[in-house]
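A.B. asks: Pasting in a structure now, in structure tokens, and then I'll have a few things to ask.
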Amino acid sequence: MILQLNDIRKEFKGRSNHSVLAVDDVSMQVEAGEFIVVNGASGSGKSTLLFTMGAMLPPTSGQVVCDGTDLYALSPSRRSKMRNLRIGFVFQTFNLISYLNSLENVAFPALLAGSSKKAAMQRAEDLLNRLGLGERLSHLPVELSVGERQRVAICRGLVNAPDILLADEPTGNMDPELTQETMELFRGINRQGQTIVMVTHNPELSETGNRHVLMEKGSIRAERIVSAEDKAL
Amino acid sequence: MRSILWMTYRELSVRKASFIIGLTMCGLLISMFVSIEWSLRSRGNRVQGDIDQMGPGIVVVPPDKSIADLRQFDLGSRYFGTRELVDPLIARLSPHTRAVDVRLSVRIPTKDGKLPVVGIDPARVVSPHETLRQLGKNEVAIGRELGRRLDKQSGDVIRIAGSEFSVKTILPPAGDLSDLAAFMPVSRLQAVTGKIGKANVIRIFPESGRDFAEIRELLTDYGSRLHAVAIDRGEIAETRIPQTLASHRYAVYVLLGVFLSFSMAIWTYLDSAQRLIELATVAAVGCSPAGLVGLLVGRSAVVGAGGALLGVALIGGSKWITEGAFPGSITDLSDLLATALCGAVFFSVAGAVPVALNMSVRNYVGFLQN
């Protein structure tokens, strides 16, 4: 098991003292090699859940356990280290660092992890080549197409060979053709053994992974294993 | 740490606009500091120069002689050789002194008794009497008391050691040795007395803040050949005035430092606020809170250092263009550059730290989700 969520509850308190319950008592396990697609309408709490899984958003109550360690019992510094080494993250808007080129954007988490510059750059270059960006190594984000930026962001998420790759609406800003291309990329990465949890509001993508979780009003409404037949349909 | 330095370098080399804004702001503040500092140094030198008119801080006489002997113009027959002692000693003292005034003080027999005569170097003499700096080869200046005793006036002729000299002026009463002596160019006195290349009094005017022990330390190599004596010019001259000048300088330093810190805090805040998503991403991919602080503070330190270089170059360059030279020596300039550099980095970091600490503990998830 890669990650275990125990009774996660997340409540946001606004300035006007109104509170919003974003995630309500969610428990789930992520097994090695799984590709979980979390689906739900806007405001269903799926992104909040993903950020909580990613050691970025402490839950109001409950535990996120990774390799026997409660992530939120760790100091901020150790939690950052855990996030750097064990968890990869792909954002909806890619969030590439504007002043770093593709190679440097991908290598940055590896440098943070303490890799030598040479090793980090080599690993980044290998990943970018694998995802077909060998010709774009020295390009800044503004010089890349949307699909290329997304692939750079995926490479960045994978550079430290994390236990789990979390993707928040990775196709949210894409046309159907690019969406299919990106999903194929995720499936390919998953086939090579990478555990993935992806959040999307697009119901058409619910069959992409091998487990589908449907969220509604902060809770898991339905959960099912996606069979090969489902995918064929 | 390595990755943070690398990020800082990459960011500053690509995101030039923000860097240039910070650099310009810091450079202008540092140039203001440099201008004020030069004015304060100039004022300090003028005040110190006025204090020096009272007399030297240290007097060096032959080893077996004292200040009492100097006051009686009785320095005996031992002299300092200009080449073997005086010139090397001046070279050694020059970084620590404002002036060194070398003299030959002798008593020359005349029909009226022994005449105290002091040879001075008109180009280097430190004295309230401006006339001493204008003495010609065959001219003497005579102290008021000596003039009265010899019944001499300006324009009279006086015979000293077989040579005739014109009395250029009768010095106004100063209440010290100059009232009792005749002054002439040292080279002329050496010639008429046969003491070529000899001196027996070295008046040392230490830089403000240098005490006797420091100067004496520099004289230890010459220990057996001279006797250095500290002259007490009074508490106001030795302590209070230098302290007042120093406290004014520190007040200006602190004021400018606070202003620089405040400006850098604003720059760091505005710059960080513009790129919250970027900082959020850096945090999300595993940069620790301390790493984020390092990133923001590192940028501020680089801007501070760059601003210091720019500020000194701006004012130094403009002085060079308008006046053809830097005010003060190269030592002064390097000293000023070091002060500006250290101060700018310190206050830039001090200004950035609170903002960076605040940024490092922010919850960035909201920015990432949106």
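The values are calculated or read from the model by the stated rules, or taken from the named source; none is laboratory data. This one's a predicted model, so the numbers in the text were calculated from it and none came from an experiment. When we count neighbours, we look across all protein chains shown, and the Cβ atoms used for this are built from the backbone with ideal geometry, even at glycine. These accessible areas exclude ligands, DNA and RNA; they are computed on the full protein's heavy atoms, side chains included. Shrake-Rupley method; radii C 1.70, N 1.55, O 1.52, S 1.80 Å.
A.B. asks: Taking H as built 1.01 Å from N, whose amide H comes closer than 5 Å to the amide H of residue B:105, not counting residues under 5 places away?
C.D. replies: Correct list: B:119, B:200, B:201.
A.B. asks: Out of residues 5 or more away from residue A:56 or on other chains, whose amide H comes under 5 Å of its own, with H placed 1.01 Å from N in the peptide plane?
C.D. replies: Under 5 Å from the amide H of residue A:56: no residue qualifies.
A.B. asks: How large is the charge dipole for chain B, taken about the Cα centre, if only the Cβ atoms of Lys, Arg (+1) and Asp, Glu (-1) carry charge, to the nearest 20 debye?
C.D. replies: 400 debye
A.B. asks: With chain B treated as a Gaussian network of Cα nodes joined by springs under 10 Å, which of B:108, B:142, B:90 yields the largest mean-square fluctuation?
C.D. replies: B:108
A.B. asks: Right, next: With Rg and the Kirkwood Rh both taken from Cα atoms, where does Rg over Rh land for the protein assembly as shown?
C.D. replies: When Rh is taken as the Kirkwood radius, the ratio is 1.31.
A.B. asks: As a quick test, which of the pairs A:13/A:217; A:13/A:81; B:111/B:195; B:114/B:195 have an alpha carbon distance above 24 angstrom in this structure?
C.D. replies: Over 24 Å apart, Cα to Cα: A:13/A:81.
A.B. asks: Now a separate question. According to a simple spin-label model (label point 7 Å from Cα along Cα-to-Cβ), what is the distance in nm between residue B:262 and residue B:318?
C.D. replies: The answer from the label model is 2.2 nm.
A.B. asks: Moving on. If you place +1 on the Cβ of every Lys and Arg and -1 on the Cβ of every Asp and Glu, how big does the dipole about the Cα centre of the range A:64-167 come out, in debye to the nearest 20?
C.D. replies: Approximately 220 debye in magnitude.
A.B. asks: State log₁₀ I(q)/I(0) for the range B:1-145 at q = 0.13, 0.20 Å⁻¹ as given by the Debye formula over alpha-carbon point scatterers of equal weight, solvent excluded.
C.D. replies: With one equal scatterer per Cα and no solvent, log10 I(q)/I(0) is -0.78, -1.39.
A.B. asks: How long is the range B:56-232 along each principal axis, judged by its Cα atoms, biggest number first, in Å?
C.D. replies: 46, 30, 27
A.B. asks: Rg and Dmax in Å for chain A, alpha carbons only: what are they?
C.D. replies: In order Rg, Dmax, the Cα atoms of chain A give 17.5, 52 Å.
A.B. asks: Near residue B:137, which aspartates and glutamates are there with a Cα under 20 Å away, not counting those fewer than 8 places off in the same chain?
C.D. replies: Partners within reach: B:101, B:121, B:156, B:164.
A.B. asks: Rank by packing, highest mean first: peptides B:134-140, B:338-344, B:318-324, with packing defined as the count of other Cβ atoms within 10 Å averaged across residues.
C.D. replies: Highest mean packing first, the order is B:338-344, B:134-140, B:318-324.
A.B. asks: Leaving out ligands, DNA and RNA, what percent of the accessible area of the protein assembly as shown is carbon and sulfur, probe 1.4 Å?
C.D. replies: Of the solvent-accessible surface of the protein assembly as shown, carbon and sulfur hold 55 percent.
A.B. asks: When the helices in chain A are scored as -39500 (n - 2.57) per DSSP H run of 4 or longer and the sum is shared across all residues, what 222 nm value do you end up with, to the nearest 500 deg cm²/dmol?
C.D. replies: Computed mean residue ellipticity for chain A: -10000 deg cm²/dmol.
A.B. asks: Per DSSP helix of 4 or more residues, -39500 (n - 2.57); summed, then divided by the residues of chain B. What does that give at 222 nm, rounded to the nearest 500?
C.D. replies: The helix-only estimate for chain B comes to -18000 deg cm²/dmol at 222 nm.
A.B. asks: Moving on. Work out, step by step, the length gained on full extension between residue A:21 and residue A:223: first 0.36 nm times the residue separation, then minus their alpha carbon distance; give nm to one decimal.
C.D. replies: Extra length from residue A:21 to residue A:223 when fully extended: 70.6 nm.
A.B. asks: For the range B:151-309, what is the relative contact order in percent, using Cα pairs closer than 8 Å and at least 6 residues apart in sequence?
C.D. replies: 9 percent
A.B. asks: When all C-alpha to C-alpha distances in chain B are sorted into bins of 10 Å, what percent of pairs does each bin hold, rounded to whole numbers?
C.D. replies: Histogram of Cα-Cα distances, whole percents per bin: 5, 19, 20, 16, 13, 10, 8, 5, 3, 1, 0.
A.B. asks: Mind checking the dipole of the range B:56-232: about its Cα centre, +1 per Lys or Arg Cβ, -1 per Asp or Glu Cβ, Debye to the nearest 20?
C.D. replies: 520 debye
A.B. asks: With the contact rule set at Cα under 8 Å and sequence spacing of 6 or more, what percent relative contact order holds for the range B:56-232?
C.D. replies: 37 percent
A.B. asks: Could you tell me how many degrees, from 0 to 90 and to the nearest 10, lie between the Cα long axis of helix B:289-323 and the main elongation axis, the longest principal axis, of the Cα atoms of chain B?
C.D. replies: Roughly 40 degrees between the two axes.
A.B. asks: Could you report the range B:37-192's accessible area per residue, 1.4 Å probe, as an integer in Å²?
C.D. replies: Here the per-residue accessible area is 46 Å².
A.B. asks: Cut-off 10 angstrom, C-alpha nodes, Gaussian network model of chain A. Which of A:27, A:206, A:116 fluctuates the most?
C.D. replies: Result for chain A, Cα springs under 10 Å: A:116 fluctuates most.
A.B. asks: Roughly how much accessible area, to the nearest 100 Å², goes out of reach of solvent when A and B pair up, both sides summed, probe 1.4 Å?
C.D. replies: Rounded to the nearest hundred, the buried surface is 2400 Å².
A.B. asks: Rule-of-thumb check for the range A:28-130: C-alpha Rg over 2.2 N^0.38 Å?
C.D. replies: Here the Cα radius of gyration is 1.22 times the empirical estimate.
A.B. asks: Now, a different point. Relative contact order for chain B: what percent, with Cα pairs under 8 Å and sequence separation of 6 or more?
C.D. replies: Relative contact order, chain B: 26 percent.
A.B. asks: Using a 10 Å cut-off on Cβ atoms, rank the peptides B:278-291, B:295-308 from the highest mean neighbour count down.
C.D. replies: Top to bottom by mean Cβ count within 10 Å: B:295-308, B:278-291.
A.B. asks: Given N residues in the range B:43-102, what is its alpha carbon radius of gyration divided by 2.2 N^0.38 Å?
C.D. replies: Dividing the Cα radius of gyration by 2.2 N^0.38 Å gives 1.31.
A.B. asks: At a probe radius of 1.4 Å, what is the per-residue accessible area of residue B:248, in Å² to the nearest 10?
C.D. replies: Looks like 90 Å² after rounding.
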